[in-house]
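Enquirer: Below is one structure. I have some questions about it.
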Amino acid sequence: MTYPVFSTGDVFYASDANAIGLWKISTTTFSASAGVEIQSCFNSSFQNYKVFLTYYGSAVTNTQTQYMTGTNTKDTAATYNRWGYYWTTIINGFNLANQTSDFIANHFNAAANYSTAELTIYQPNIVNVHTVMSVRSWSGDTGLGAYLDHNKKTNSQYTGLYIFPTTGTITGTATVYGLRQ
Amino acid sequence: MKPQITIHNAETNETVVREMTDDEYQALLDSGWTPGDDNTDNE
């Protein structure tokens, strides 16, 4: 039987909990921040992760990410290759190698028209594999949609994620989920 | 005044909001960050 299928009076065992594949790890809110560290969100309990972001900027800005090792060391020396496409009225493709960060979205500063993003991060905490991130983002005020993949061509074991804008500050919520194989 | 950073620890579920350190702020500037129009000083 595949859980969750529960009936009144059922006993929930540790083995049932351990069989749950999608686990909410943590939610954080941030307000007028020029950087958001989510420490210790990647660990050996999960192989892949989902991060959902809802946010807006104090100014028109891009939002970027870097991975972190240890408690809070940002991997600023990593090579982040990104490719994908975005669209407003037409589809635009891009393929950029050797970036200093991953890219989430370009968005505006209207709280009422917040932007959303869904990140899928593959194997960030597993040593000796490349960490890949797929991004789907949407800007509520411009309708700009972006679809990207990032490949980081080093094999570090990451423990956290750093989110930061290129201009001003960001306000919003980030929730990290772990996916167990 | 430097911009603020939000630090959330997913293990302890604790969140700290504070002004960036000199090193953190320099790294932000090195990334090409600009303060925009939110009245944050660009030191």
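Bear in mind these aren't lab numbers, they're just calculated from the coordinates by the rules spelled out. These numbers come from a predicted model, not from an experiment. Counting neighbours? That spans all protein chains shown, and the Cβs are built from the backbone with ideal geometry, glycine included.
Enquirer: How would you rank B:Ile5, A:Ile126, going from fewest to most other Cβ atoms within 10 Å of each one's own Cβ?
Expert: Values: B:Ile5 23, A:Ile126 16.
Fewest-to-most ranking of B:Ile5, A:Ile126: A:Ile126, B:Ile5.
Enquirer: Another one. Take every residue in peptide A:165-172, count the Cβ atoms of other chains within 10 Å of its Cβ, and give the average of those counts.
Expert: 5
Enquirer: When the scattering of the protein assembly as shown is computed by the Debye formula from its Cα atoms alone, each counted once and equally, what is log10 I(q)/I(0) at q = 0.09, 0.14, 0.17 Å⁻¹?
Expert: Evaluating at q = 0.09, 0.14, 0.17 Å⁻¹ gives log10 I(q)/I(0) of -0.38, -0.87, -1.23.
Enquirer: My understanding is that a pair violates if its Cα-Cα distance is over 23 Å; which of A:Lys152/B:Lys2; A:Lys153/B:Lys2; A:Lys50/A:Lys152 do that in this structure?
Expert: The answer is A:Lys152/B:Lys2; A:Lys153/B:Lys2.
Enquirer: Here's another thing I want to ask about it. When Cβ neighbours within 10 Å are restricted to other protein chains, what is their mean count per residue of peptide B:9-19?
Expert: 5
Enquirer: Return a whole-number percent for the relative contact order of segment A:102-181, with Cα pairs under 8 Å and 6 or more residues apart as the contact set. Can you show the working numbers first?
Expert: Values: 125 pairs, mean separation 21.6, N = 80.
Worked out over segment A:102-181, it gives 27 percent.
Enquirer: Which residues in segment A:141-181 have a backbone N closer than 20 Å to a point placed 7 Å from the Cα of A:Trp83 along the Cα-to-Cβ line?
Expert: Under cut-off, by backbone N: A:146-155.
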